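The structure appears right after this line, and notes come after that.
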Amino acid sequence: MPQVEFKKVFSKLSHIMALSHDKKFDQIVQNLITHTLNQDSDPIPRNEGEMAKKIIEIYGISIRTQVILSNLDKLLSIGEITKDSKSKQYHVTQVVSNKL
């Protein structure tokens, strides 16, 4: 596992927190997910376990897979992310990507 750059992590988390207007936990997790998906890095997550690993890799934060799955479902239902029917990969929508 690569060395975590805590200054960089703090900066990213501060930015995510600022985007979370109501500061609710689910919103923070959803922001982490969308920021993670908005980065150009392989492999692209296909399930909540892969998403949890990617969040640890990028931010050094461990989140239970049940919490991630719940928030992936919420993001899918409001149309902020999509899941490719063939590859099963999650993607952030272009609108959300532009916002980030």
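Along each principal axis, taking the top coordinate minus the bottom one, the Cα set of the chain gives 37, 33, 26 Å in descending order. Entry note, the chain: relative contact order of 27 percent, from Cα contacts under 8 Å with a spacing of 6+ residues. Dividing the helix sum by the residues of the chain, where each DSSP H run of 4 or more adds -39500 (n - 2.57), gives a mean residue ellipticity at 222 nm of -18000 deg cm²/dmol. Of the accessible area of the chain, computed with a 1.4 Å probe over protein heavy atoms only, carbon and sulfur atoms account for 54 percent.
FRET efficiency for the pair Lys88 and Ile56, taken as 1/(1 + (r/R0)^6) with r the Cβ-Cβ distance and R0 = 22 Å, rounds to 0.60.
Extension gain, Ile78 to Glu5, is 23.0 nm, computed as 0.36 nm per intervening residue step minus the present C-alpha separation.
The values are calculated or read from the model by the stated rules, or taken from the named source; none is laboratory data. As the structure is a computational prediction, the values presented were derived from the model and not from experiment. Note that each Cβ is placed from the backbone with ideal geometry, even for glycine, and that neighbours are counted across all protein chains shown. All accessible areas refer to the heavy atoms of the entire protein, side chains included, with ligands and DNA or RNA removed. Shrake-Rupley method; radii C 1.70, N 1.55, O 1.52, S 1.80 Å.
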